[in-house]
Amino acid sequence: NLRGGRGETVRTPVQQALAELNAQSAPQMNADVEARVRSGESGLSNLNTLTANVRVSTPVAGGQLGLGVQPTVLDAGSLNRSARARFGGNPTPEAQGIADQLPSDLAPVDSQYAAGIGLSAFYEGEQISADIGTTPIGFERHHVQGGFNWRPRLGAHGALRLFGERRPVTDSVL
């Protein structure tokens, strides 16, 4: 190791290459948290999202094979009477009821809130990556999701990318 201008250790190119090789051939654990806030009308266009993503992997066949867990909380708030009239139906009868000062005929709508945990398995290599998992279990509905990505090299300066995937919409409680 060499010393830099402020007493920092400077790695030689060989040491840097060895450090990168060790990182690629060791088990890994990655975790991140994402929070999104979209302002808007409570129950309709408002959306608060909190998602954590924890992935554990180990080297296999020149890539990383692993499992992921993704706890997710979505909250769009509760609908007021005006928003309930516009939520998934014809607002005309409710508007007439408001004008006539009659009680609402609309069925009550629960809070627009969902929480669950998504599970996945994945492989990430230099040219191929694939994953399969679930949308969060605990939501009203959950589905299989996943994808496949193949990136073969085409000479020294070219590459081709072929992929297919099934992913959920992430900007709505629906």
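Worth a mention:
- Protein-only accessible surface order, largest first, of Thr170, Thr72 at 1.4 Å: Thr170, Thr72
- Val144-Ala17 FRET efficiency (beta carbon distance; Förster radius 41 Å; 0.05 resolution): 0.55
- Phi-based couplings in Hz for the range 116-124 (Karplus 6.51, -1.76, 1.60; Gly and Pro marked x): x, 10, x, 10, 8, 10, 8, 9, 10
- Between Ile137 and Leu102, the FRET efficiency estimated from the beta carbon spacing at R0 = 45 angstrom works out to 0.60.
- Where Rh is the Kirkwood radius over Cα pairs, Rg/Rh for the range 114-174: 1.14
- Modelled label reach - Ile117, point 7 Å along Cα→Cβ, the range 22-53 residues with backbone N closer than 14 Å: 52-53
The values are calculated or read from the model by the stated rules, or taken from the named source; none is laboratory data. As the structure is a computational prediction, the values presented were derived from the model and not from experiment. Cβ coordinates were reconstructed from backbone atoms using ideal geometry, including for glycine residues, and neighbour counts include every protein chain displayed. Just so you know, the surface numbers come from the protein's heavy atoms only, side chains and all, with ligands and any DNA or RNA stripped out. Shrake-Rupley method; radii C 1.70, N 1.55, O 1.52, S 1.80 Å.
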